[in-house]
Amino acid sequence: MSRAASGGSDRGSTTLPPGGDPPHPGGDVPPARPDPATLVAAGRAARDAVPAATLGDWRPAADRPDPIALLEEQATTRFAELVPVRYGRMSPTPFTFYRGAALPMAADLTARPNTGIIVQLCGDAHLSNFGLFASPERDLVFDINDFDETLHGPFEFDLMRLSASLVVAARDRGFSAHEGRHAVHRAVRSYATHMATYAAMRAIDVYYARVDAATILTYVDKRARPMLESTVKTTARHDALHELPKLTAVVDGHRRIIERPPTIVRREEMSLAIAKAALLDYRQTLQEDRRVLLDRYQVEDYAFKVVGVGSVGLGAIVALFMGVSEDDPLFLQIKQAEASVYERFLPPATSRTTASGWWLASAGCRPPATCCWGGSAGSRMGATGMSASSRTRRAVRSSRR
């Protein structure tokens with residue numbers, strides 16, 4: 001849910017609500033809860049200040065930053081040998097470029113008027129970051145899985161990122177311009193309908209709301225249903241045990257992650273002692289029941305792994321844990337967190353879920369920022385301070401976060 005700020009805002013700025021409190025969810029002191037009438041009035045004022053038609057009318061600014069220059073700037077904080085891999089993953093199609101171009105789009109979005117209605121942004125809500133994921137109860141839910149760019153900001157930034165991705169993906173797949181527009185219209189209508197429904201619900205019910213696999217089937221036509229049913233069955237089988245023979249081999253009686261340069265490698269600057277120390281920090285950030293579960297496993301091996309598109313070149317480690325038997329593996333991903341691409345353009349937030357120069361660890365789920373979303377898939381996320389060699393520390397150079 002979002003909390004409305006009063007009115008809209010001009011180019012690249014964000015309006016504060018009456019009383020001067022920053023309009024950011026979270027923080028050390030919970031904000032005063034306005035009554036429903038005040039929220040409705042604030043929403044209408046924001047719509048009057050920045051009409052929907054304005055949000056849909058975009059033209060490049062005369063002083064627009066060069067998108068390629070922005071990407072090259074990002075490359076300075078990445079492992080140099082992986083920058084060509086990043087560009088290689090971005091270059092095949094317009095959509096693959098779009099996936100990796102969160103910073104150029106952030107520059108475009110923040111240079112235009114915004115509603116001033118502040119939420120915890122995903123920050124990179126394009127089409128490919130949605131999918132089916134296991135909840136703590138092992139149910140499949142439809143959700144979003146990438147919060148590398150999460151930050152407090154105007155709600156419409158995520159909606160625009162998603163809408164534009166639908167158009168680009170439709171072109172990539174050979175659909176007509178009409179079909180692309182139709183997909184965007186349906187997505188925006190669905191968003192508006194669900195937000196209106198959530199606005200009338202109790203906060204606790206919104207927190208627990210989710211979209212499970214069975215619900216998705218009701219949204220598609222009969223022609224697409226067999227493909228979706230097959231996807232659900234395939235996703236349900238993709239657990240750690242299924243991936244074990246693909247990612248590992250037995251070497252001298254021990255399970256070891258298979259190197260596949262340059263995407264899966266071992267690096268000299270990352271020792272087992274450093275990895276274990278980082279994982280110990282991570283353990284302390286977990287909820288008690290997750291900590292007890294993690295203690296049933298021990299680290300067997302780890303390696304650097306290239307993941308995603310836009311995040312290629314940042315540090316990412318896959319760690320293999322084993323339980324008491326060979327059929328009890330656990331894979332944990334430890335991922336470097338840089339400053340959100342929005343951070344240079346938006347006012348400082350009063351709280352931040354992740355910290356630049358820190359590493360987020362996940363067992364295939366989502367980060368703590370999802371508490372602001374009310375999702376159900378983020379069951380094993382935590383944070384760890386990564387102390388490594390000078391090379392690794394340079395790769396995680398921090399700016400304020």
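The table for this structure:
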{"quantity": "Qualifying residue in the stretch 338-347 (condition: in the same structural domain as P245 (by TED's automatic domain parsing), closer than 16 Å to H254 by Cβ and not β-branched (V, I, T))", "calculated": "no"}
{"quantity": "Among (1) under 26 Å from T150 (Cβ atoms); (2) at pLDDT 90 or above; (3) of a type outside the set (S, T, N, Q), the one test that A275 misses", "calculated": "(2)"}
{"quantity": "Residue identified as farther than 18 Å from D143 by Cβ, under 26 Å from the mean Cα position of the chain (by Cα) and of a type outside the set (V, I, T) among A199, A213, A224", "calculated": "A199"}
{"quantity": "Residue check for V188: closer than 22 Å to P113 by Cβ and within 24 Å of the chain's Cα centre (by Cα)", "calculated": "yes"}
{"quantity": "Failed criterion for G43 (all others in (1) of a type outside the set (D, E); (2) farther than 30 Å from D239 by Cβ; (3) modelled with pLDDT of 95 or more hold)", "calculated": "(3)"}
{"quantity": "Filter result (among the small types (G, A, S) and assigned to a strand (DSSP E or B)) within the stretch 135-160", "calculated": "G153"}
{"quantity": "Number of positions in the stretch 81-134 that are outside any strand (DSSP E or B) and touching a Cys at 6+ places or on another chain (Cβ under 9 Å)", "calculated": "1"}
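The values are calculated or read from the model by the stated rules, or taken from the named source; none is laboratory data. These numbers come from a predicted model, not from an experiment. Cβ: placed from backbone, ideal geometry, glycine included. Neighbour counts: every protein chain shown.
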